[in-house]
Structure formats: C-alpha cells, structure tokens
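The values are calculated or read from the model by the stated rules, or taken from the named source; none is laboratory data. Everything numeric here is computed off the predicted structure, so don't read it as measured data. So basically every Cβ, Gly included, is an ideal-geometry build from the backbone, and we count neighbours across all protein chains shown.
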Amino acid sequence: MNPREKAQIGKTALQVTRMGMGGAALGGLYREVSDAEAAKSVSAALALGINHFDTAPLYGHGLSERRMGEVLRSVPRESFVLSTKVGRVLVPAETGEVESFWFDRPAPFEPVFEFSYDGVMRSFEDSLKRLGLDRVDILYIHDPDDHYDEALLGAYPALARLRSEGVVSAIGAGMNQAEMLARFAREGDFDCFLLAGRYTLIDHSGLADLLPLCEQRKISIIVGGPYNSGILAGGALSGSKFDYKSAPPEVLERVRKIEGIALSHGISLKAAALQFPLAHPAVASVIPGARSAAEVEENFQLMTVAIPGDFWQELRAEGLLPEGAPVP
C-alpha cells in the first residue's frame, strides 16, 4: 500500500495522503515530548511526502497546535492539508499549572467545553494564533458526546459559515464513537468525520451503520487511533492501553489471537492495524500519532508491507473480522 497515494475529502477539492499524522502525541499524550522532538516528527512526515496533519486545542492544551504550526508555516501552504478542532476553549490556569488525565506536562491552560456559535468562532481564532497560520483546511467539532444539541445548533452553523466564506474547505466532527457521527451525517451537511478507535482490527463498531452511510453520502472517514491507544502497536502485554485505559482481559485475549495469526504469516501486528481500515471505500486516510521521527518513519514503512490474503482469510475464519469488513 502506498502511503503517499491521495484520496479526495468528500466532495471537496482537498486531496490527502492515505497516511497522515495525528497530533495528540505532540501534546505529550501519556508522556512528555520536547519541542525539538515534535519538530523532528513533523519534519520527518513532510520529508516522506505525507501531506495530512491533524491537531486540536486539547492536545497538550495548545502545545500540539503550536508545535505543528511552527514547522508547517515554514513550508509552502499548498503542500499540506491541516485539520484542527473546536468545542474546547483554553482558559489560562489560575495557578499556572494544570493536571491532565491524558497529557504529561501540558501548557498552563484549562480546556473548557464550548459549543456555542460565538465560542466556536473564538476557539477557531485562538487556534489560528497558536498555529501561526491564516487558515486551516478541515475543521472538526471535537467530542460533543454530551452536547449534541448545542453542537448541532451552535457549532455546526459556525463551521458552515466558515466553509461558505472559504475560510475552511471542509467541516466535520471528530469523536471516539460512531453512533453520534451517524446522527450528524443524517442531520447536517458534513464533508468528513474523524473516527477515533472505532474502525480498527479489534473494534469494528463503525462498520454496520456509519461507514455505509458515509459512503452513500460521500462523507470521508479519517481513521484516528488505528492502534487503539497502543495495544495494536505494542501487543497484548500487561498494562497495554486500549481506549486510553488499561486493556481488559477480553481485549488482551483477542489481540493475542490476532498476534498469533500474524506471527504464523510472518507479518507484524502494527502493519495489519495500519492497513486494515484503508480497505473500506469510505476511509480516505489513517492518521497514526507519532512522538518521534523514528515512529513516523516506522509507520510509513509499515504501510508498504505486503500482507498475504491468507492472513485476512484466517482472521475472518476465526471470527476476528466481521464478514462485511473489506480487507486490503
């Protein structure tokens, strides 16, 4: 599979590489990342011909946007497609220090949910300042799980206005669930969705409803979290992360079975995890995170690994892949 191959985003003119780069790790997801390491990671992706980059205010409480922007604004603007998100406004921390469940040593801001029209516009302006850019290409509503009505009535009209004015080229929503994205697809006019961790080797919850609906309506899916928070990268080890928490026994056992089949076919679990989502016609790109240039380069190489058809057939025969899931 060619990671530099490009796919169209919805009905827009945007073309993204089949492998992109997720920006959560650049904000210190799980452990701290230095400015220098972050810069080398983004530069490595650009050098490999990757053009698709995703970030958000939440990631490191502004660190990811700032770090990604520092590199991207040094290259021609037409050479990359950048997405960020709205739905959280960053408020300066009163003490100058903050605690975060996800991020190690984030910037001294508190992320506050905000899905109103005015709040979204303010969030977007703040993102542009952190990025040091005058526009982004894709703008997502971020994690509106408990705020659907406000997101549809406040955030969505703001994004639609920005798109109509040409300030952004595509709009969508980014979530760790498929069900609400399907509601957005039915009730709004969106170009793409960022589906995190819900169409992977071990979580197929996006397959039944969301992906066919998006294929029908020409809404592109960007798959985030292809390693399901790490377990599909490191394997079924004690303490492996799944969905941002320690993996439960049933997930560990499922991954062990897939690892065993992969080993018998002489392929890596990581290569299979990266390539699997891209076989679905609704999926335009997969955006694994990376905290170092070495991880970017490894992900790129894993995308090019040839995976025998017998591997996918055995997964299906063992009940580890649904019958309706396309395979590379």
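Against the definition (within 22 Å of Ala294 (Cα to Cα), in contact (Cβ under 8 Å) with a residue 24 or more places away in the chain, touching a Leu at 6+ places or on another chain (Cβ under 7 Å) and charged (D, E, K, R)), how does Glu37 come out, yes or no?
Considered against the rule, which asks whether it is within 22 Å of Ala294 (Cα to Cα), in contact (Cβ under 8 Å) with a residue 24 or more places away in the chain, touching a Leu at 6+ places or on another chain (Cβ under 7 Å) and charged (D, E, K, R), Glu37 comes out as no.
Run down Ile221, Ile267, Ile261, Ile287 and say which single residue is modelled with pLDDT of 95 or more and surrounded by fewer than 22 Cβ atoms within 10 Å (Cβ to Cβ).
One residue alone meets the criteria, Ile261.
Give me the helices (runs of 4 or more DSSP H) completely within the range 217-313, filtered to those with at least 3 residues that are of a type in the set (Gly, Ala, Ser), ordered by residue number.
Because the criterion is at least 3 residues that are of a type in the set (Gly, Ala, Ser), the helices (runs of 4 or more DSSP H) in the range 217-313 that meet it are 249-264, 269-275.
Taking Leu153 as meeting all but one of (1) modelled with pLDDT under 95; (2) under 23 Å from Gln177 (Cβ atoms); (3) surrounded by fewer than 16 Cβ atoms within 10 Å (Cβ to Cβ), write down the number of the exception.
Failed condition: (1).
Counting only residues that are surrounded by fewer than 24 Cβ atoms within 10 Å (Cβ to Cβ) and of a type in the set (Lys, Arg), how many does the range 56-71 have?
Within the range 56-71, residues that are surrounded by fewer than 24 Cβ atoms within 10 Å (Cβ to Cβ) and of a type in the set (Lys, Arg) number 1.
Of everything in the range 176-190, what is buried (at least 22 other Cβ atoms within 10 Å of the Cβ) and not in a helix (DSSP H, G or I)? Give them in sequence order.
If the condition is that a residue be buried (at least 22 other Cβ atoms within 10 Å of the Cβ) and not in a helix (DSSP H, G or I), then Ala178, Phe190 are the ones that fit.
Return a yes/no flag: does the range 83-92 have any residue that is of a type in the set (Ser, Thr, Tyr), touching a Pro at 6+ places or on another chain (Cβ under 9 Å) and buried (at least 20 other Cβ atoms within 10 Å of the Cβ).
yes
Hey, could you check the range 242-256 for residues that are of a type in the set (Lys, Arg) and surrounded by fewer than 17 Cβ atoms within 10 Å (Cβ to Cβ) and say which is modelled with the highest pLDDT?
Of everything passing the filter in the range 242-256, Arg256 is modelled with the highest pLDDT.
Look through the range 316-328, keep the residues that are in contact (Cβ under 8 Å) with a residue 24 or more places away in the chain and touching a Lys or Arg at 6+ places or on another chain (Cβ under 9 Å), and return whichever of them is surrounded by the fewest Cβ atoms within 10 Å (Cβ to Cβ).
Pro322
Inspect all residues belonging to the range 158-175 and state whether any of them is under 30 Å from Pro248 (Cα atoms), part of a loop (DSSP other than H, G, I, E, B), without any contact (Cβ under 8 Å) to a residue 40 or more places away in the chain and touching a strand residue (DSSP E or B) at 6+ places or on another chain (Cβ under 8 Å).
Looking through the range 158-175, none of the residues is under 30 Å from Pro248 (Cα atoms), part of a loop (DSSP other than H, G, I, E, B), without any contact (Cβ under 8 Å) to a residue 40 or more places away in the chain and touching a strand residue (DSSP E or B) at 6+ places or on another chain (Cβ under 8 Å).
Filter the range 82-125 down to the residues that are of a type in the set (S, T, N, Q) and over 26 Å from Ser285 (Cα atoms), then identify the one that is modelled with the highest pLDDT.
Looking at the filtered set, the residue picked out is Ser116.
Is there any pair linking a residue in the range 1-26 that is on the phi > 0 side of the Ramachandran plot to one that is β-branched (Val, Ile, Thr) and buried (at least 24 other Cβ atoms within 10 Å of the Cβ), with Cβ under 7 Å and at least six apart or on different chains, and which?
Gly10/Ile219
Is there a residue in the range 56-63 that is among the aliphatic types (A, V, I, L, M), within 19 Å of Phe193 (Cα to Cα) and part of a loop (DSSP other than H, G, I, E, B)?
Looking through the range 56-63, at least one residue is among the aliphatic types (A, V, I, L, M), within 19 Å of Phe193 (Cα to Cα) and part of a loop (DSSP other than H, G, I, E, B).
For a quick check of your reading: which strands (runs of 3 or more DSSP E) sit entirely within the range 69-133 and have at least 1 residues that are more than 19 Å from the chain's Cα centre (by Cα)?
In the range 69-133, 88-92, 109-113 are the strands (runs of 3 or more DSSP E) which contain 1 or more residues that are more than 19 Å from the chain's Cα centre (by Cα).
Take the residues of the range 33-55 that are touching a helix residue (DSSP H, G or I) at 6+ places or on another chain (Cβ under 7 Å), in a loop (DSSP other than H, G, I, E, B) and not β-branched (Val, Ile, Thr): which is nearest to Gly174 (Cα to Cα)?
Asn51
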